[in-house]
Amino acid sequence: MSHTPAADGREPVADHAADALRSWAQAERTQADALAQVLEDIAANGLPDPETCVPWEELRDQHLAELAGGQTEHRAA
């Protein structure tokens, strides 16, 4: 179990589980920051030209292929 006592009314978490939760939180924070950057760019510069964008179907198929291949790492453009 954790070396740090749990707050009142909470169950303690094992050290390895706490590390995994922190890692997950950091990954989520990184994704949220990437999304925020995209939204801020759109707000400042407008929508991108549709001719220069990748269709969502291609992005979906690529992501599904990565998941099927066991590649679950997320990449921000």
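The values are calculated or read from the model by the stated rules, or taken from the named source; none is laboratory data. Keep in mind the model is a prediction, meaning the values are calculated, not measured. Neighbour counts are summed over all protein chains in view; Cβ atoms, including those assigned to glycine, are modelled from backbone coordinates with ideal geometry.
The residue pairs whose first member lies in region 13-42 and is at pLDDT 95 or above, whose second member is of a type in the set (A, V, I, L, M, F, W, C), and whose beta carbons are closer than 6 Å, counting only pairs six or more residues apart or on different chains, are A34/A76. Criterion first (more than 20 Å from the chain's Cα centre (by Cα) and of a type in the set (D, E)) does D15 satisfy it? When the stated conditions are applied, D15 passes them.
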